[in-house]
Amino acid sequence: MKSLLHRKIVPAAHELPEHHRLARTMTWPHLMAMGVGAIVGTGILTLIGVGADRAGPTVLWSFVVAGVICACAALAYAEMATTIPASGSAYTYSYAVLGEVFAWVVGWSLILEYSLVVSTVAVGWSGYAVGFLHGIEVDLPCVLTHGPVTSGKVCGHAVTATEYGINLPAVFIIAVVTGMLAFGTRESARVNSALVVLKLVTLALFVAVAAPHFDAANLQPFAPHGYGSTPGEGGVKYGMLGAAAFIFFAFYGFDAISTAAEETKNPDRDLPIAIVGSMALCTLIYIVVAAAAVGAVHYTAFGKSAEPLALILRTIGSPKVATVVAGAAVIALPTVILAFLYGQSRIFMVMARDGFLPESLARVSARGVPARITSVTAVFVALLAAALPLDLIASLANAGTLCAFIAVAACVLVLRRRDPAARRAFSVPLAWLVCPVAILGCLYLFTGLQAITQKSFFIWNGVGLLIYFLYARRRSLA
């Protein structure tokens, strides 16, 4: 039996069998749109409310902290994506550089990340969809608009005991996006690009309307829960760090770009432009939108809302603009679902190629897309979105992402030491500073997650290692 640290030799795309070969249809504008579409989504449209509730106005610094750490990770991804231009993202890099057992842990964590991101965004989309429909006087039955809810408000009333339901709109949007991806990558990329433009115009509209209402009094107290991470009710972490660990979710998405390496026409040029460029643009967007939000309305007024930006607009007397923003969010949020469902299906596809999942799932359709694994993935994430609350799945997704980011930064350093002369179309500047900042920053953010999230992450990976030793290790083909 092979060593636990056996390293995979990653084949070039043209060396793959025909039924595993993906169509090269993506260029850097498509990838850039995918990155921006993935990053700018639920984090700013939905989770900014939760972040403000946990940190107050100092959520602005939470965005900065999370953004710097993600920027360092993005540089590491750009180097690895051009050094190993293959699908699979952090899973593939870990298999080629760190060894099989590390690749399994990272791949298992990526299942957690991508599945829960899609579910979280679908739940966030549902909140805006329900709000938009209510604005045009169409109301769905309450029990079909949310999963289990233990606190806050739902359907216009305060929750005093756990209320159960099934989030049908979330399931619906996952089904729609799955159909798009199964139809074809190029067609999906074109639709995604158009929706990203709509999303950015929507955020610009919000800033234009909210910014004139900026009131410095709304920023007081600036740090009601401090600058660290303070445990609160139910194990929720408050303070600037606690919020940063949560809204970290808002920044990742650039890693989905790296899963498109085999479908990119010019990986050496296009991948770095898209990964680094989308991260820089989105960090600027987030800070501007967050400043407009917490300046226009006191954070306590929108901290627990499922549609915080729309609520802010209604509060400052712009209900029509609020309906426009809610409507645009309903149309544009699926770009995030598309990017992450795309990324997860590619990671699953590579794991199937390696024998960790049934080989038949790695087959591509006549249109050059992995339709089988995309459909299987969609069913899984739809079940999660239908039955789980937003804050739990978002926090747990963060834990999986932090693990992947740490692994990619470590891969850069290990490969720099092991093979300093390796071909690198893009190199991380000051790698021995940037990559440790990414690793330590991610570990720091992990300590800011809820205790139940941390425990769930370790339990998830404990189960994953059990599956690896009892099943997957014997099936490995790499």
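Remarks
- Every pair of residues 6+ apart whose Cβ atoms lie under 8 Å, when the first sits in the range 97-114 and is over 17 Å from Thr453 (Cβ atoms) and buried (at least 23 other Cβ atoms within 10 Å of the Cβ) while the second is of a type in the set (D, E, K, R) and modelled with pLDDT of 90 or more: Val97/Arg418
- Counting only helices (runs of 4 or more DSSP H) that sit completely within the range 274-388, those holding 1 or more residues that are in contact (Cβ under 8 Å) with a residue 12 or more places away in the chain and within 28 Å of Tyr471 (Cα to Cα) correspond to 334-353, 371-387.
- Test result for Ala421, within 16 Å of Ile84 (Cα to Cα) and free of Cβ contacts under 8 Å to residues at least 12 places away in the same chain: yes
- Among the residues of the range 173-188, those identified as surrounded by fewer than 17 Cβ atoms within 10 Å (Cβ to Cβ) and either under 20 Å from the mean Cα position of the chain (by Cα) or at pLDDT 80 or above (or both) are Ala175, Val176, Gly179.
- So Pro436, is it outside any loop (DSSP other than H, G, I, E, B), out of contact with any helix residue (DSSP H, G or I) (no Cβ under 6 Å at 6 or more places or on another chain) and either surrounded by 18 or more Cβ atoms within 10 Å (Cβ to Cβ) or touching a residue at least 12 places away in the same chain (Cβ under 8 Å) (or both): yes
- Selected residue (only one of Val101, Val121 is among the β-branched types (Val, Ile, Thr) and within 18 Å of the chain's Cα centre (by Cα)): Val121
- Every condition in (1) surrounded by fewer than 23 Cβ atoms within 10 Å (Cβ to Cβ); (2) modelled with pLDDT of 85 or more holds for Ser476 except the one numbered (2).
- In the range 189-210, the residue that is farthest from Ala33 (Cα to Cα) out of those that are surrounded by 15 or more Cβ atoms within 10 Å (Cβ to Cβ) and among the small types (Gly, Ala, Ser) is Ala210.
- All positions within the range 209-267 that are among the aromatic types (Phe, Trp, Tyr) and part of a loop (DSSP other than H, G, I, E, B): Phe214, Phe222, Tyr227, Phe251, Tyr252
- Test: Ile452 is at pLDDT 90 or above, of a type in the set (Val, Ile, Thr) and in a helix (DSSP H, G or I): no
The values are calculated or read from the model by the stated rules, or taken from the named source; none is laboratory data. As the structure is a computational prediction, the values presented were derived from the model and not from experiment. Positions of Cβ are generated from backbone atoms using ideal geometry, with glycine treated the same way; all protein chains shown enter the neighbour counts.
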